[in-house]
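Novice: Can you keep this structure in mind? I'll have questions shortly.
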């Protein structure tokens, strides 16, 4: 492979944090590192035997005849002939075990005083009422339902009701536009749409029904629109509306769960590309439920009495797997949060940890960086002694944010679980084990059970040099939690995931494996910048910038350069109270030169009060790339605050190229 095709990796991290030394008593309650290594070896050498053992953790109506069956597609079929129900595994079996009065869901509303809680008994009653309401409307196993709701408890209740009936749910992130909802309804041919009158977020209200009224004529398969009253304000309606409270009024609180085959579809979740038709990722019942519950329980060392808080939105796979299905299948108490970490003020997360005695806290690096900007005091004023484990998800975490999270939030005693996975994988691919794995800041460490990662170069040869990155793939064995297909488009499924490297699942992410066998995610391969023939992932440049003490957050994008081909444009958010200046620009450039070398020094540094982010907290890199390149910005409707883009464009006008 030519030098220009290689992905350079220049960040080095030598610090190691051993969970046994951080918290010896906690480490004794879960897997040891030796046990992890032994089990991982078993899981890849005898994957069928390994997953047969784990499948005993689910309740089956009828046992499966075969663990895995090879088909024409890489995932194959799992737990062939087995019968079960996901909702039953998440609710009924815990009630039968005498835990009906245990808290299942703690809901924290946008306004702190508006929350609600549900025991497993109460959750079952609400789920059965909605399931019976759907039955009354003629819904049956295999039908599709689209759910477009904010982070309210009805979201979890409705998805579990669908699972109870064998109805396939397609949840659309509440921050997506009405056009995105229309596209997803059209692709799935959904019969029902669940939505709300409005969304409440950070003390403001945003439309839902007003948007639905504008698209209802374009989605003829929708027979009824079920509307949850969230704010109670006057909103437009359609002639297909039924109030949610009317749907369940006076209806039975008992509903027998549908007997589902292991490979019956549980849900579709659409991935959101910036161009082209979204892909409906199809997950099935047994394999997905086993993988999410097992990974949640083992990685985070979940025990009876723990309070689990994943700050994601259920509209993303993280919320599906690690707010609803994984925790509830394990009988854990899960926290759902409607709001944002900075409303009413920046202490919101820590108020919740202290109030609910949260033991496990799982959030995104961007949330950590946004809070870090306000210093240590908002965290230090709280009692966080209940915390046992911290986690991160959604993107690579830069070592500086990792260290702050460990030192200030975790008080140097909580292991940090930096997880890497995707919508398509169902659950974790690369992750530490809370009680076992010595961790390195910025690394997602080692493969989860049943996962055998391989890094290929562009020509298909395996990359073994620890200083070189490549294309991350998983194989040759599949795992039970992975997607089975793209809804209605098997050819696209094969083309996207299976044909790049035959016999392997292709992640479309760059990664490297260091000399200790630890994995470092370099980001999407379209996030690689090529400067003077040297290719580097954006994450490495960003981590170098953020390691400067005056920087809270940074994002970089390429822009055309006559000599280098591409140069680096950096958007930098400074710590609270720090002002941008020409001197600071020079200081930051020199800092990057020192950290990762002069070739990757940004040509342009633009200070920004905020970066363009989706409501889930992900930075919209295509927008930054367009700003840097001076090209068309495109759709900004999914941004948490579209005005950020206007501010960046105004600042860009002042920069001399």
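Novice: Looking at the structure I just gave you, is residue 154 more than 21 Å from residue 352 (Cα to Cα), in contact with a helix residue (DSSP H, G or I) (Cβ under 9 Å, 6 or more places away or on another chain) and in a helix (DSSP H, G or I)?
Specialist: Against the criterion (more than 21 Å from residue 352 (Cα to Cα), in contact with a helix residue (DSSP H, G or I) (Cβ under 9 Å, 6 or more places away or on another chain) and in a helix (DSSP H, G or I)), residue 154 does not qualify.
Novice: Inside the stretch 45-78, can you point out the residues that are touching a residue at least 12 places away in the same chain (Cβ under 8 Å) and under 15 Å from residue 329 (Cβ atoms)?
Specialist: 54, 55, 57, 58, 59, 60
Novice: Go through the stretch 261-278 and give me each residue that's in contact with a strand residue (DSSP E or B) (Cβ under 6 Å, 6 or more places away or on another chain) and in a strand (DSSP E or B).
Specialist: 265, 266, 267, 268, 269, 270, 271 - these are the residues of the stretch 261-278 that are in contact with a strand residue (DSSP E or B) (Cβ under 6 Å, 6 or more places away or on another chain) and in a strand (DSSP E or B).
Novice: Can I ask one more? Just name the residue that is nearest to the chain's Cα centre (by Cα) out of those in the stretch 364-397 that are part of a helix (DSSP H, G or I) and within 23 Å of residue 19 (Cα to Cα).
Specialist: Filtering the stretch 364-397 for residues that are part of a helix (DSSP H, G or I) and within 23 Å of residue 19 (Cα to Cα), the one nearest to the chain's Cα centre (by Cα) comes out as 365.
Novice: On to the next question. Looking at the stretch 525-532, can you tell me whether even one residue there is closer than 30 Å to residue 495 by Cβ, in contact with a helix residue (DSSP H, G or I) (Cβ under 6 Å, 6 or more places away or on another chain) and either in contact (Cβ under 8 Å) with a residue 24 or more places away in the chain or not in a strand (DSSP E or B) (or both)?
Specialist: yes
Novice: Out of the residues in the stretch 393-407 that are under 24 Å from residue 323 (Cβ atoms) and surrounded by fewer than 24 Cβ atoms within 10 Å (Cβ to Cβ), state the one that is modelled with the lowest pLDDT.
Specialist: Out of the qualifying residues, it is 395.
Novice: Let me ask you something else. Quick check on this structure: which one of 165, 160, 155 is at pLDDT 95 or above and under 19 Å from residue 211 (Cα atoms)?
Specialist: 155
Novice: Here's a follow-up. Of 352, 336, which residue is within 29 Å of residue 641 (Cα to Cα) and outside any strand (DSSP E or B)?
Specialist: 352 is the lone residue from the list that is within 29 Å of residue 641 (Cα to Cα) and outside any strand (DSSP E or B).
Novice: Residue check, residue 361 against (1) under 19 Å from residue 543 (Cβ atoms); (2) buried (at least 24 other Cβ atoms within 10 Å of the Cβ); (3) touching a residue at least 40 places away in the same chain (Cβ under 8 Å), all met but one. Which one?
Specialist: Every condition holds for residue 361 apart from (1).
Novice: Test residue 488 against the criterion of being touching a helix residue (DSSP H, G or I) at 6+ places or on another chain (Cβ under 8 Å), surrounded by fewer than 20 Cβ atoms within 10 Å (Cβ to Cβ) and not in a strand (DSSP E or B), and give yes or no.
Specialist: yes
Novice: Give the residues of the stretch 180-226 that are in a helix (DSSP H, G or I) and within 20 Å of residue 423 (Cβ to Cβ), sorted by residue number.
Specialist: Listed by number, the residues that qualify are 180, 181, 183, 184, 185, 186, 187, 188.
Novice: Can you tell me how many residues within the stretch 412-425 are part of a loop (DSSP other than H, G, I, E, B) and either touching a strand residue (DSSP E or B) at 6+ places or on another chain (Cβ under 6 Å) or within 15 Å of residue 300 (Cβ to Cβ) (or both)?
Specialist: Within the stretch 412-425, residues that are part of a loop (DSSP other than H, G, I, E, B) and either touching a strand residue (DSSP E or B) at 6+ places or on another chain (Cβ under 6 Å) or within 15 Å of residue 300 (Cβ to Cβ) (or both) number 4.
Novice: Which one is nearest to the chain's Cα centre (by Cα) among residues in the stretch 444-462 that are at pLDDT 95 or above and part of a loop (DSSP other than H, G, I, E, B)?
Specialist: 444
Novice: Mind counting the residues in the stretch 88-124 that are assigned to a helix (DSSP H, G or I), under 28 Å from residue 201 (Cβ atoms) and in contact (Cβ under 8 Å) with a residue 24 or more places away in the chain?
Specialist: Final tally of qualifying residues: 3.
Novice: Only one residue in 213, 202 is modelled with pLDDT under 95 and surrounded by fewer than 20 Cβ atoms within 10 Å (Cβ to Cβ), so which one is that?
Specialist: One residue alone meets the criteria, 202.
Novice: Sort out which residues of the stretch 279-309 are in a strand (DSSP E or B), more than 20 Å from residue 77 (Cβ to Cβ) and over 16 Å from the mean Cα position of the chain (by Cα), and write them in order of number.
Specialist: Residues satisfying the conditions are 279, 307.
Novice: While we're on this one: So which residues in the stretch 579-620 are modelled with pLDDT of 90 or more and out of contact with any helix residue (DSSP H, G or I) (no Cβ under 8 Å at 6 or more places or on another chain)?
Specialist: Across the stretch 579-620, the qualifying residues are 579, 580, 581, 582, 583, 584, 585, 586, 587, 589, 590, 603.
Novice: Which condition breaks for residue 343 when tested against (1) on the phi < 0 side of the Ramachandran plot; (2) modelled with pLDDT of 95 or more; (3) out of contact with any helix residue (DSSP H, G or I) (no Cβ under 6 Å at 6 or more places or on another chain)?
Specialist: (2)
Novice: May I ask you to list the residues in the stretch 66-77 that are under 16 Å from residue 475 (Cβ atoms) and surrounded by 15 or more Cβ atoms within 10 Å (Cβ to Cβ)?
Specialist: 68, 73, 74, 75, 76
The values are calculated or read from the model by the stated rules, or taken from the named source; none is laboratory data. Predicted model only: the values in this text are computed from it and were never measured. Neighbour counts are summed over all protein chains in view; Cβ atoms, including those assigned to glycine, are modelled from backbone coordinates with ideal geometry.
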